[in-house]
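Working notes, beginning with the structure itself.
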Amino acid sequence: MRELVYYVAASLDGFIAAPDDTFDAFPQTGDHIDMILREYTDTIPTLGLQATGLTPPLTRFDTVMMGWGTYAAEGEHRRGGPYEHLKQYVFSRQHTADDAVPEVTVTNGDPVALVRELKQQSGSDIWLAGGGVFASALVDEIDRIILKINPILLGSGKRLFADREYSVAGLNLVASTPYGSGVVINEYTLDRPS
C-alpha cells in the first residue's frame with residue numbers, strides 16, 4: 001500500500017517557513033542539495049527541473065498534497081502548476097479551482113478521506129508537502145516523516161505541526177544522514193495500531 005510521507009525542511013527550532021511564508025534562510029547550496037537532486041528528484045518544482053535538465057522518475061512520489069499556503073508560497077506557476085509532473089491536490093477552505101491552474105485539484109473536502117482513497121490506489125508514495133496546519137490535520141495518516149533539519153534558528157514562523165490536540169507515540173528513527181552543509185536528514189516511520 002502507498003504511504004503518506006511528510007517530506008519537509010525545518011529549522012532547528014521546528015519552523016518550516018519564516019513568519020512571511022518564505023524559506024530563503026534555508027541553505028540553498030551544499031552537498032545536501034546534490035542528494036536531493038539525485039534521490040528526491042520527484043520533489044523538485046517544474047521550473048527547477050527545467051533549469052537543471054532533470055527528469056523525475058516518479059518512483060518515490062507521483063502525487064503531492066499541500067495546503068493553499070504551501071501552494072501559494074511556490075510563487076507564480078506555469079500552466080501546469082508547481083509540480084506538473086505529479087498529481088497535485090491543494091486543500092483550501094477559501095479558494096476554489098478558479099484560483100488555480102486546471103492541472104491542480106483544489107478542494108475543501110476531507111483530506112483524511114482523500115488520503116485513505118489514494119493509499120488504496122496503485123502508484124508511488126504520496127508526498128505531503130506542507131504546511132504545518134495541513135500536516136496536523138493529517139497526522140494520524142502520516143506513515144513516514146523525512147525531515148531536512150537545517151542549521152538555522154528562525155525564532156518564529158510556520159511550525160512543522162500546528163498547535164492542536166494530538167499525541168503520536170512510536171516514531172522510529174530509521175535513518176539519519178548528516179551533510180557537510182550542516183543539514184541533517186532524519187527519516188522516521190510511525191507505528192500504527194493494527
Scan region 90-106 for residues that are open to solvent by 40 Å² or more (accessible area, probe 1.4 Å), farther than 21 Å from THR55 by Cα and not in a helix (DSSP H, G or I) and jot them down.
-> ARG93, GLN94, HIS95, THR96, PRO102, THR105
Which of the residues spanning region 107-137 are open to solvent by 20 Å² or more (accessible area, probe 1.4 Å), part of a strand (DSSP E or B) and in contact (Cβ under 8 Å) with a residue 24 or more places away in the chain?
-> ASP125
Wholly enclosed helices (runs of 4 or more DSSP H) of region 3-81 bearing at least 3 residues open to solvent by less than 60 Å² (accessible area, probe 1.4 Å), modelled with pLDDT of 90 or more and within 28 Å of THR96 (Cα to Cα) = 46-52
Give the residues of region 141-176 that are open to solvent by 60 Å² or more (accessible area, probe 1.4 Å), free of Cβ contacts under 8 Å to residues at least 60 places away in the same chain and either touching a Pro at 6+ places or on another chain (Cβ under 9 Å) or closer than 24 Å to TYR40 by Cβ (or both), sorted by residue number.
-> LEU171, LEU173, VAL174, SER176
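The values are calculated or read from the model by the stated rules, or taken from the named source; none is laboratory data. Everything numeric in this text was worked out from a predicted model, so none of it was measured. A quick note on method: Cβ atoms are made from the backbone with ideal geometry, for glycine too, and the neighbour counts reach across all protein chains shown. Areas reflect the complete protein model, heavy atoms only, side chains present, ligands, DNA and RNA absent. Shrake-Rupley method; radii C 1.70, N 1.55, O 1.52, S 1.80 Å.
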